[in-house]
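The values are calculated or read from the model by the stated rules, or taken from the named source; none is laboratory data. Bear in mind that the values here come from a model prediction, so they are computed numbers and not experimental data. Reconstructed Cβ throughout: ideal geometry from the backbone, glycine too, with neighbour counts over all protein chains shown. What goes into the accessible areas is simple: the full protein's heavy atoms, side chains included, and nothing from ligands, DNA or RNA. Shrake-Rupley method; radii C 1.70, N 1.55, O 1.52, S 1.80 Å.
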Amino acid sequence: MSAPSVTAAPPVGAVEPPAKPARNGRRHLLDFNDWQPDELLALLDTAEVMAQVLTRTIKKVPALQGFTVASLFFEDSTRTRLSFERAARAQSADVLTFAAGGSSLKKGESMRDTLRTIDQLQVDLYVVRHAAAGAPHQLARWTDAAIVNAGDGRHAHPTQALLDAYTFRAARREATGTVEPGAAAFRGQRLAIVGDIGHSRVARSNIDLFTALGAEVVLCGPATLVPPEFRSWHGVSVTNRLEEAVEGAAGVMALRLQKERMAAGLLPSVTEYVARYQLTERVMRLAAPGAVVMHPGPMNRDVEIESALADGPTSVIERQVGNGVPVRMAVLYTLLVGRR
Ligand code: CP
């Protein structure tokens, strides 16, 4: 079998729709391209129900009994892989774990043959992470199973954005003491995303999700890390001044400064980046009352975010990780049970 290379997959922003569209409900979660706001809000609301399950003495329901979920990670992960596996097991699904490093890919097996081999183990849903943008879309053309994108190159990381939005909504409800229905929790709210926007799949998925729900997104970083194309995106503004980005924001998200960007000459020095773009307790005083500090992780403490701020009372960084479980439970449930 000759396998198309994933590097030949469609580029960012030009991915083809899956070859096999949904029959009864959604088949895949690859990105938010064709998802409607009411579907996205339904996922967040389902996650709230799942969070209740996780407060019980026995944190397990039989909802996905008889289903098999395989995590297919071609790139490193701590949070995403473990929380997907936890989410599947909490619903009684069987879980298979594949890591590229210990697989027959090392012996030259193609990605397509690897997928079709694992398909023989009767997998219902694959959770896929890959360094190449479009890889999960390519896999969706090769299998009848559902695919969830767990991060592909710089293209998308939809479940990270969903858990970010879920955490933001919960924290804002606590701060304001109100539970607004539907998209009202997001409408008119300002989310600032600071750092390496150009290379960030987390930034792209958060822009798509928050703007779809009616929020305003402001992007901030040095010009080399915030490509000008974002200026034309609906609901998005760009600034190179951190204070301007943070002012009035209800949520501020710092992104990891990827060391390889330094090597590529996109930044003159880490010291200069820290001086101009590090998220600190001082700059957060400009944010809206009750504003939350987020980071998708992993963090470089005292580089993109001041360590004291990351551990402080306005930080929801650890809550983001914890909320990954109910949010991913909701995604698995919606795709698997919705298809039945
Ligand atoms: N945020 C995130 O995707 O983390 P991991 O790389 O640890 O999965």
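Computed 3J(HN,Hα) for region 232-245, one whole-Hz value per residue from the Karplus formula 6.51 cos²θ - 1.76 cosθ + 1.60 where θ = phi - 60°, is 8, 6, 5, x, 10, 10, 10, 9, 9, 10, 4, 4, 5, 5, glycine and proline marked x. The residues of the chain expose on average 43 square angstrom of accessible surface per residue, using a 1.4 Å probe on protein heavy atoms. With 0.36 nm allotted per residue and the present C-alpha distance subtracted, the E174-S104 stretch has 20.3 nm of extension available. A crude spin-label estimate for the pair D113 and E272, with each label 7 Å from Cα along the Cβ direction, gives 4.9 nm.
The apolar share of the surface of region 273-340, taken as the fraction of accessible area on carbon and sulfur atoms (1.4 Å probe, ligands and nucleic acids excluded), comes to 52 percent.
Sorting 185-191, 45-51 by average packing, meaning the other beta carbons within 10 Å per residue, from highest down gives 185-191, 45-51.
What separates the Cα centres of region 37-102 and region 199-217 is a distance of 23 Å. Shape class for region 102-176, computed from the alpha carbon gyration tensor (a ≥ b ≥ c): prolate, with a/c not under 1.5 and a/b above b/c. If the chain linking Q122 and R241 were pulled fully straight, counting 0.36 nm for each residue of separation and taking away their Cα-Cα distance, it would gain 37.7 nm. Bridging of K59 to aspartates and glutamates at a Cα separation below 15 Å is possible for E48, E85, once same-chain residues fewer than 8 apart are set aside. Taking only protein heavy atoms and a 1.4 Å probe, the accessible area of region 70-111 is 46% carbon and sulfur. Note on region 149-265: with neighbouring protein chains present and a 1.4 Å probe, carbon and sulfur make up 49 percent of its accessible heavy-atom surface. Backbone amide hydrogens, once placed in the peptide plane, bring S315 within less than 5 Å of V293, excluding anything fewer than 5 places away on its chain. Summed over qualifying helices (DSSP H, 4 residues or more, each -39500 (n - 2.57)) and divided by its residue number, the chain shows a 222 nm mean residue ellipticity of -11000 deg cm²/dmol. Dipole orientation for the chain: of the candidates G312, V283, T117, T117 has the Cα lying most toward the positive pole (charges on Cβ; Lys, Arg +1; Asp, Glu -1).
Note on L82 and E281: their simple-model spin labels are 2.8 nm apart, each label 7 Å out from Cα toward Cβ. What the Cβ-Cβ distance of D144 and T55 gives, at R0 = 45 Å and to the nearest 0.05, is a FRET efficiency of 0.80. R0 = 30 Å: FRET efficiency of W233 with A131, Cβ-based, nearest 0.05? Step by step, r from the Cβ atoms, then E = 0.80. Of the DSSP H helices in the chain, those that are both long (alpha-carbon extent of 20 Å or more along the helix axis) and hydrophobic (Kyte-Doolittle mean at least 0.5) are 37-53, 317-338.
Label positions at T97 and D311, each projected 7 Å from the Cα along the C-beta direction, are separated by 2.9 nm.
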